[in-house]
Every structure is written in structure tokens, then in C-alpha cells.
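What follows is a single structure, written as C-alpha cells, with notes after it.
The values are calculated or read from the model by the stated rules, or taken from the named source; none is laboratory data. Remember, it's a predicted structure, so these values are computed and weren't measured experimentally. A quick note on method: Cβ atoms are made from the backbone with ideal geometry, for glycine too, and the neighbour counts reach across all protein chains shown. Accessible surface is based on the protein model in full, side chains and every heavy atom, while ligands, DNA and RNA are left aside. Shrake-Rupley method; radii C 1.70, N 1.55, O 1.52, S 1.80 Å.
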Amino acid sequence: MEYATLAVQLAGGVLGTLVAALLLRELSLGFAGNVVVGIVGGALGGLILSDYLTLAPAGLADGIWASPEAIAAQVAAGAAGGAILMMATGYVTGRDKS
């Protein structure tokens, strides 16, 4: 895995988790918890979805970035992983009960 692709997926995971926390406040883990879960979820979601959907890497050789579509796909994969892991963690920890 390339470091640029991983960085884009991690950023997407944090972004996806924070957006999901805004939409689903009852499952939010707090800012620090959401960031940590977003980093882990972005890495896992990006890894799984990149292989499953055969997404193009976000970074190419010699520090050249790939197309905007490839970067957006990696961000979306990380965001999906982060949001899903935040929702799952919120349900498991019982945060959905008011």
C-alpha cells in the first residue's frame, strides 16, 4: 500500500466519522473518540473497499498525485469505513440509549 493512498483514506475516515457523528448524535463517541475510530475505520474501510472495488491508488510514483476521481474514491472508501465503524462502536457501547 502506498503512503499517499493510506493518508487519503485516513483523512476520509476521520471526515466520515465526524459527519456521521453530526447526523447520529446519539452514537457519537466524543470528538477524540470519533477521531480515533475514524482513523481505524478509514484504514480498514479503505483497505477492504480498495481491494473489493479495485480502486486506483491516490498517489503515483515520484510524488505525483493520481486523478481527482481516484482521490475522491479513496476518500469515499475511508469515509464509509469510518462511519460504519463509528456506528458499530456506538451501538456496541450502548450509546444509542437515551
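Details
- Qualifying residues in region 67-82 (those that are among the small types (Gly, Ala, Ser) and open to solvent by less than 20 Å² (accessible area, probe 1.4 Å)) - the one modelled with the lowest pLDDT: ALA70
- Matching option when the condition is in contact with a helix residue (DSSP H, G or I) (Cβ under 8 Å, 6 or more places away or on another chain), within 16 Å of MET87 (Cβ to Cβ), open to solvent by 60 Å² or more (accessible area, probe 1.4 Å) and at pLDDT 85 or above, among VAL40, VAL36: VAL40
- Complete set of residues in region 1-33 that are open to solvent by less than 50 Å² (accessible area, probe 1.4 Å) and touching a Lys or Arg at 6+ places or on another chain (Cβ under 8 Å): LEU27, SER28, LEU29
- Options LEU29, LEU10, LEU22, LEU6: the member that is more than 27 Å from GLY94 (Cα to Cα) and either part of a helix (DSSP H, G or I) or not aromatic (Phe, Trp, Tyr) (or both): LEU6
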